[in-house]
Amino acid sequence: QVQLVESGGGLVQAGDSLRLSCVVSGRTFFRNGMGWFRQAPGKEREFVAAISWSGADINYADSAKGRFTISRDKSKNTVYLQMSSLKPEDTAVYYCAAGRGGSAVVVLDQIDYWGQGTQVTVSS
C-alpha cells in the first residue's frame, strides 16, 4: 500500500514563502508522475503543479506560474512545492497526488493515491 504524507503547511502573511513536502512510502517500484492540488473552502479541488517521474517535465496552473516551483528528490522519495509571493487567495488545503502514469500530466480523475492534505493559510 502506497502512502503519501504531506507536511510544511502553516499560517503565513501575504508575500511570504512556504515549502510543502510529500513523502512517498510503501512501494519500492514507484514510477508515477506526482502532482499538487488544492481545495479552498466551498470550492472544487484544483490542479496546482505536476512533475514527471523523471523530473524532466513539469506543468503548472496559471495561478502557480512564476511563484511556485515543484521538484522531486527520488533518493528521498519526496516531492516538494516551493511557494513564494503567497497571496490570501492561495489559502487552501494542499494535497499531494500520484498520477496514473509517469508523465507530468496529472489530472483530477486519474489519481492513484492521495495524501491527507496540509493546510496553508495566507493572511493579508
Report whether or not Trp114 is touching a strand residue (DSSP E or B) at 6+ places or on another chain (Cβ under 8 Å), open to solvent by 60 Å² or more (accessible area, probe 1.4 Å) and either at pLDDT 95 or above or more than 18 Å from Cys22 (Cα to Cα) (or both). yes
Scanning for something surrounded by fewer than 18 Cβ atoms within 10 Å (Cβ to Cβ) and not aromatic (Phe, Trp, Tyr), does the range 88-95 turn up at least one residue? yes
Given the condition crowded, with 16+ Cβ neighbours inside 10 Å, over 29 Å from Ser123 (Cβ atoms) and more than 15 Å from the chain's Cα centre (by Cα), answer yes or no: does some residue in the range 30-38 qualify? yes
Which residue pairs have Cβ atoms closer than 6 Å, lie 6 or more positions apart in sequence or on different chains, and pair a first residue in the range 33-51 that is at negative phi and part of a loop (DSSP other than H, G, I, E, B) with a second residue that is open to solvent by 10 Å² or more (accessible area, probe 1.4 Å) and among the polar types (S, T, N, Q)? Gly33/Ser103; Arg45/Gln39
Mind checking whether some residue in the range 2-25 is without any contact (Cβ under 8 Å) to a residue 40 or more places away in the chain and on the phi > 0 side of the Ramachandran plot? no
Could you tell me which of the residues Ser17, Ser7 is loosely packed, with under 13 Cβ neighbours inside 10 Å and of a type outside the set (Val, Ile, Thr)? Ser17
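The values are calculated or read from the model by the stated rules, or taken from the named source; none is laboratory data. Only a predicted model underlies this, so the values are computations on that prediction, with no experimental measurement involved. Virtual Cβ from ideal backbone geometry, glycine too; neighbours counted across all protein chains shown. All accessible areas refer to the heavy atoms of the entire protein, side chains included, with ligands and DNA or RNA removed. Shrake-Rupley method; radii C 1.70, N 1.55, O 1.52, S 1.80 Å.
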